[in-house]
Amino acid sequence: MKPLDKLKVNSFLKQLENLEREEDYHANLYRQINAIFMVEVEQKLLILDQETQDKYGELLSEENIAETLKEEEYKEKTKEQIPPSLKKVYKKLLGKTHPDRFIDASEGEREEMEDIYKNVVECAETGDWLGLIKNAEKMNIEVKDLDESVLPNIKKQIRKLKQSINNYKATYQWQWFHSDDEEKKESLVESYINTTLHR
């Protein structure tokens, strides 16, 4: 591969890596903000009538909140074609981490390899080429000359991560947390309650 092409691929990989960290930061911060925000919502509900409290109580149940978080974390799975420059890496990873190789290994080592194996398969299914590369590095498998065939999926992942970050920033919770205006905060809590109740 030409030096310029290699530089281009590596720059996209670095951008993707940075965005993954940023998205992880936003997801963790959102969970913390959401917990505090829900306390505000519950306090607001105390002054509402019993029927509204009952209706909202169902929406705030542990199961519903857990389900909502699962939906937010859900990764769309699509069968992807592994680029030629990663096929050998993928096969080597499967060979090195396959559970059959670790039947006599310690339980800790067996579990670690099984986790890597499952992650490698998921990376291949979802087109997470950076994930494959990271697993290869972890297993000391050299990744030679990535070509531009990896770029479409990397660009797609970059778009998804940017959208995910924007989605966190668009929530009532996020705007409430980042606002210094008490009236606006109050209005956001009320809007959230009204929107949720009329779903």
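The values are calculated or read from the model by the stated rules, or taken from the named source; none is laboratory data. Everything quoted here is computed from the prediction, not taken from an experiment. Glycine gets a Cβ as well: all are built from the backbone with ideal geometry, and neighbour counts include every protein chain shown. Keep in mind that these areas ignore ligands, DNA and RNA; they rest on the heavy atoms of the full protein, side chains included. Shrake-Rupley method; radii C 1.70, N 1.55, O 1.52, S 1.80 Å.
Side notes on the structure shown:
- Accessible solvent surface per residue of region 89-199, calculated while the other protein chains remain in place, 1.4 angstrom probe, Å²: 60
- GluC sites (Glu not before Pro) within region 123-179: DSSP coil, no more than 16 neighbouring Cβ in 10 Å: 142
- Of all accessible heavy-atom area on region 99-195, the percent that carbon and sulfur account for (1.4 Å): 44
- The simple Förster model, with R0 at 45 Å and r as the Cβ-Cβ distance, assigns residue 111 and residue 178 a FRET efficiency of 0.65.
- Label-point gap, in nm, between residue 118 and residue 155 - each point 7 angstrom along Cα→Cβ: 3.4
- In nm, spacing of pseudo-spin labels at residue 187 and residue 143 (7 Å Cα→C-beta vector): 4.7
- Simple rule: put +1 on each Lys or Arg Cβ and -1 on each Asp or Glu Cβ in region 145-199, find the dipole, and look at 146, 158, 187; the Cα lying farthest toward the positive end is 146.
- Stretched out straight at 0.36 nm per residue, the stretch from residue 29 to residue 88 would grow longer than its current Cα-Cα span by 17.4 nm.
- Region 117-199, dipole about Cα centre (Lys/Arg Cβ +1, Asp/Glu Cβ -1), debye to the nearest 20: 240
- Measuring only protein heavy atoms, the 1.4 Å probe finds residue 149 accessible over about 50 Å².
- Net charge of Cβ neighbours under 14 Å - reference residue 16; Lys, Arg +1; Asp, Glu -1: +3
- Residue pairs, from the table 44/169; 91/169; 44/156; 6/160; 14/184; 156/184, whose Cα atoms sit over 32 Å apart: 91/169; 44/156; 14/184; 156/184
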